[in-house]
Amino acid sequence: MNKIMNKIGNSNILFSLMAILAGLLVGGVIMAITGQNPVEGILGLLKGGYLTSYAIASTLTRATPIIFAGLSAALAWGSGYSSMGAQGQMIIGAITAAIVAPRLGFLPPFLAVIITLIFSMTAGALYSLISAHISAKYDAYLLIVTLMFNYLADYLASYLTNYVFLDPVALDKLAIQTIKIEGSILPRIFPRYTTHYGFLIALIAVAATAFIINKTSFGYKARMGGLNAGFAEYGGIDSRKTMYKVLLLSGALAGLGGACEVLGTKFRYVDKMITSPGYSWSGITASLMSNYNIIGVLFSSIFLSGIAIGGSTIELSMNIPSEITQIIQGVITMLVTAKFVIRWHRKENGRKEAETK
Amino acid sequence: MKKLFLLVLCLLTVLTLAGCGEKKEEEPVVDDNPYAGLKIAMVSDTVGTDQFILQAKNKLEEMAAEYGFTATVIECTNTDDWEQKSRNACEQGYNLLVAVGWTGAQAMSTLADEFPDIEFGIIDTIASNERVMSINFNTTDGCYVMGAMVATAFKDDTKFGYIGNFQQQSNFEYKYGFMEGVKSVNPDAEFVAAYADTYGDTSATYNKAVEVVAALGDEGHFVMGSVANSANAGIYQYALERGEEGKPFYTSGLSVDQTTSENPYIVTGLTKNTAIPMETIVKDFLEDGKVTGGKTTLGVNENAFCVVGVTFDANYRNSEIMTDEAIAAGKKAAEDLASGAVVLPYVMEEDYKE
């Protein structure tokens with residue numbers, strides 16, 4: 001049994017595939033128990049998520065914010081900084097976009113969108129910097145600080161939306177949302193499908209982040225820090241400076257993701273639009289699935305998004321409750337997280353062996 | 001090798017179970033029912049035990065059985081689901097989508113532009129798109145009825161409390177109706193209002209209840225609970241605690257009849273009956289395959305927005321407070337609204353003077 005666990009722990013792709021398979025399997029078993037045909041169900045899920053043009057388009061639309069959150073998480077965690085702040089930074093990026101974009105109506109749309117994106121990236125980066133600073137200065141756990149800052153961002157955005165920037169022309173008086181952005185938006189790539197240019201920006205972000213991590217000296221320092229912080233420090237890498245830079249970039253990516261969601265799908269900030277669908281949690285799962293591999297995040301994000309989209313398709317066409325797809329996602333997440341337990345277990349065993357020798 | 005064995009074993013399990021999964025036989029359509037081919041979907045939050053959604057769902061299913069169309073309920077677990085799942089339904093050939101709850105407004109408006117052959121409706125808010133048939137509740141009238149009833153029940157009080165969710169126009173429509181109702185009985189009444197700034201946090205509403213009750217002092221014993229169905233629980237909790245201490249204050253429920261013998265301090269309430277708007281939209285659609293777009297408002301006289309104790313009998317009536325006289329005052333207020341003897345103009349909060 002130990003052998004199997006070791007082997008699985010060694011191969012990331014194999015492990016993730018096993019996790020996916022196990023997730024689908026458990027989903028299938030539950031479908032069977034509830035009297036559904038599991039084979040039809042799983043096939044329907046895959047077809048509804050990936051195998052028709054409409055499915056692919058919907059999947060890519062939903063994957064876009066997940067990719068950004070996943071990149072943000074992969075960058076931070078891969079460099080050894082346990083930041084959970086993608087959610088808060090996305091919210092800050094989103095609300096910034098919703099405030100800035102409607103005020104740039106006098107500019108050509110293309111320019112207005114670029115400026116808005118820059119504003120959102122900056123806002124996300126600065127927001128991330130605050131938690132980095134608190135963590136560094138007061139020696140507080142970054143994980144806890146960033147987690148708390150997520151709530152702060154959510155309530156701040158709620159407040160701004162409700163009391164300062166509430167849509168004055170909304171007929172729907174219960175809706176807590178900012179004014180609709182006209183013109184300066186990220187249009188759809190094909191008019192018939194919801195996928196918008198934010199997805200292309202996500203692809204560019206993946207390529208740029210991969211380049212930074214793999215081909216620059218900053219990326220090298222960051223990776224070293226992730227692999228072995230003590231060694232990196234010993235080798236002359238200023239870990240605090242690297243941490244600031246990594247978290248700045250990670251915040252910028254999340255902020256950009258928030259902006260793309262506002263400019264590409266909702267065209268305004270709607271209260272809880274980032275927290276409710278759990279984009280950042282899916283993003284963290286995606287980064288775990290790919291073992292913080294930047295290119296891998298792209299695929300795992302699309303996979304996770306497809307499961308959700310396919311799930312809603314079979315919910316409608318086969319009357320299979322959407323909870324089943326949530327269970328599949330839950331099992332995958334659990335198993336992927338288990339990988340870390342296996343690794344940790346191995347590390348601990350190794351250490352104990354070394355100590356006894 | 002072991003791994004491969006495990007994999008094969010797992011696959012076999014699934015395939016065996018696949019055999020067990022019973023395939024439901026589809027019943028052939030026998031008659032030439034004009035509604036048989038129609039597919040209607042209700043889009044809502046997770047149904048669960050929420051009466052607000054259940055009433056609409058039950059009505060839709062009842063009508064599906066009566067007319068023979070296909071009815072489906074699409075449950076949304078997050079804000080993104082509304083548009084994505086509804087779009088899915090549009091792609092799968094549904095003819096009418098009815099969203100229950102304000103969260104669906106944006107999605108219905110967007111899809112109505114994209115799918116000109118599909119009809120859309122929404123309950124409990126107004127969608128910005130004219131193609132969507134929006135049915136809203138006239139909350140002000142119902143609150144007026146409750147205000148008149150409560151002011152009669154608490155004749156000696158000079159102050160009345162109010163706890164809302166957010167200080168915004170939609171909540172003001174409740175507060176305004178309540179204040180006008182109270183003043184119709186007691187023109188000199190004063191009001192203490194607070195906002196919990198939440199739809200879900202019961203501790204926030206509890207704290208606001210403490211503040212408001214302290215501000216009322218001996219001059220008031222009723223606090224209208226107007227936060228949300230679940231978040232009102234903070235107010236109920238404090239009412240129960242005060243009652244047990246022998247210093248009671250009384251409050252009202254929201255969305256469903258929340259009066260119960262376990263907490264006799266909840267003496268009345270306001271409920272929305274979503275079955276009525278659902279029926280209105282579906283009937284309108286079945287007539288000619290199109291819905292009348294735009295906005296319709298249903299209120300206390302259509303039994304769509306109800307006052308517990310007036311529109312229907314309470315689950316539990318605290319007869320010491322809700323005397324026959326108080327209930328008669330409520331019924332009288334409803335009649336006045338129906339006959340047009342009392343008309344409450346639409347007022348924006350910033351223009352209103354207490």
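The values are calculated or read from the model by the stated rules, or taken from the named source; none is laboratory data. Keep in mind the model is a prediction, meaning the values are calculated, not measured. Glycine gets a Cβ as well: all are built from the backbone with ideal geometry, and neighbour counts include every protein chain shown. Heads up: the accessible areas ignore ligands, DNA and RNA and are worked out on the full protein's heavy atoms, side chains in. Shrake-Rupley method; radii C 1.70, N 1.55, O 1.52, S 1.80 Å.
Some values worked out for this structure:
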read-out: Relative contact order %, region A:202-319, counting alpha carbon pairs below 8 Å whose residues are six or more apart; value: 20 percent
read-out: Buried on assembly, region A:168-195 (at least 30 Å² less accessible surface than by itself, 1.4 Å probe); value: A:Leu171, A:Asp172, A:Lys173, A:Leu174, A:Ile176, A:Arg188, A:Arg192, A:Thr194
read-out: Under the span-like rule (Cα at least 20 Å along the axis, Kyte-Doolittle mean at least -0.5), DSSP H helices of chain A; value: A:12-33, A:53-78, A:86-100, A:109-138, A:142-159, A:197-215, A:239-261, A:294-317, A:323-356
read-out: Cut-off 14 Å between beta-carbons: net charge of the residues surrounding B:Val291, Lys and Arg +1, Asp and Glu -1; value: -3
read-out: Tilt relative to chain B, helix B:275-288 - C-alpha long axis, 0 to 90 degrees, to 10; value: 50 degrees
read-out: Simple spin-label estimate for B:Asn207 and A:Leu126 in nanometres, 7 Å along Cα-Cβ; value: 2.8 nm
read-out: Sites A:Thr216 and A:Lys180, calculated FRET efficiency, Cβ-Cβ separation with R0 45 Å, nearest 0.05; value: 0.65
read-out: Helical mean residue ellipticity (222 nm; -39500 (n - 2.57) per DSSP H run of 4+; nearest 500) of chain A; value: -24500 deg cm²/dmol
read-out: Karplus (6.51, -1.76, 1.60) ³J(HN,Hα), θ = phi - 60°, over region B:124-140, in Hz, Gly and Pro reported as x; value: 5, 6, 10, 7, 6, 7, 5, 6, 7, 7, 9, 10, 10, 9, 7, 7, 4
read-out: Nonlocal amide H pairs with B:Gly161, under 5 Å, H built at 1.01 Å; value: B:Val192, B:Phe222, B:Val223, B:Met224
read-out: FRET efficiency, 1/(1 + (r/R0)^6) with R0 30 Å, evaluated for B:Ala65 and A:Thr52 via beta carbons; value: 0.40
read-out: Region A:146-265: C-alpha gyration tensor shape, a/c 1.5 cut-off, then a/b vs b/c; value: oblate
read-out: Sites B:Val343 and B:Asp113 - FRET efficiency at Förster radius 41 Å, r taken between beta-carbons, to 0.05; value: 0.70
read-out: Heavy atoms of A:Ile115: accessible area, 1.4 Å probe, square angstrom to 10; value: 50 Å²
read-out: Residues of region B:74-113: accessible area per residue with a 1.4 Å probe, Å²; value: 22 Å²
read-out: Loop GluC sites (Glu not before Pro), region B:199-286 (other Cβ atoms within 10 Å of the site Cβ: 12 or fewer; DSSP); value: B:Glu245, B:Glu262
read-out: Shielding by partners, peptide B:74-84 (average Cβ within 10 angstrom, other chains); value: 6
read-out: Residue-level accessible surface for A:Arg240, protein heavy atoms, 1.4 Å, Å²; value: 130 Å²
read-out: Protection proxy ranking of A:280-289, B:33-42 - average other beta-carbon atoms within 10 Å, highest first; value: A:280-289, B:33-42
read-out: Accessible-area composition of region B:202-354, carbon plus sulfur, in percent [1.4 Å probe]; value: 47 percent
read-out: Qualifying aspartates and glutamates (Cα of each under 17 Å from Cα of A:Lys137; at least 8 residues distant if same chain); value: A:Asp238
read-out: Accessible area (Å², 1.4 Å probe, nearest 10) - A:Arg268; value: 20 Å²
read-out: Largest-first ordering by accessible area, 1.4 Å probe, given options A:Lys266, B:Lys353, B:Lys247; value: B:Lys353, B:Lys247, A:Lys266
read-out: Within a Gaussian network of chain B (alpha carbon springs, distance under 10 Å), most fluctuating of B:Asp117, B:Asp288, B:Asp156; value: B:Asp288
read-out: Region B:283-354 versus region A:195-259: alpha-carbon centroid distance in Å; value: 59 Å
read-out: Degrees, to the nearest 10: B:105-114 long Cα axis against longest axis of chain B; value: 40 degrees
read-out: Prolate/oblate/rounded label for region A:111-171 (Cα gyration tensor, a/c 1.5); value: oblate
read-out: Sequence-distant aspartates and glutamates (8 or more away, or on other chains) whose Cα lies within less than 13 Å of B:Lys159; value: B:Asp188, B:Glu190, B:Asp218, B:Glu219, B:Glu354
read-out: 1.4 Å probe accessible area per residue over chain A, in Å²; value: 45 Å²
read-out: DSSP beta bridge pairing in the protein assembly as shown, given as percent antiparallel to the nearest 5; value: 15 percent
read-out: Accessible surface ranking that places the most exposed of A:Tyr234, A:Tyr163, A:Tyr292 first, with a 1.4 angstrom probe; value: A:Tyr234, A:Tyr163, A:Tyr292
read-out: Tilt relative to chain B, helix B:169-185 - C-alpha long axis, 0 to 90 degrees, to 10; value: 40 degrees
read-out: Sparse-neighbourhood loop sites, GluC sites (Glu not before Pro) in region B:100-137 - DSSP loop, at most 14 other Cβ within 10 angstrom; value: B:Glu130
read-out: Sequence of A:Tyr197, A:Tyr159 from largest to smallest accessible area, 1.4 Å probe; value: A:Tyr159, A:Tyr197
read-out: Share of carbon and sulfur in the accessible heavy-atom surface of region A:266-346 [1.4 Å probe, %]; value: 70 percent
read-out: Protein-protein interface of region A:62-103, residues with accessible area decrease of at least 30 Å², isolated chain reference, 1.4 Å probe; value: A:Arg62
read-out: Rounded, prolate or oblate (a/c below 1.5 giving rounded, otherwise prolate when a/b exceeds b/c) for chain A by Cα gyration tensor; value: oblate
read-out: Long-range HN-HN contacts of B:Met42 with modeled amide H, under 5 Å; value: B:Thr72, B:Val73, B:Ile74, B:Val98
read-out: Where chymotrypsin sites (Phe, Trp or Tyr not before Pro) fall in DSSP loop in region B:250-354, at most 10 other Cβ within 10 Å; value: B:Tyr346
read-out: Cα-projected label distance for B:Lys247 with A:Phe190, points at 7 Å along beta-carbon direction, nm; value: 6.9 nm
read-out: Estimated inter-spin distance, B:Lys295 and A:Tyr141, nm [label 7 Å along Cα→Cβ]; value: 5.0 nm
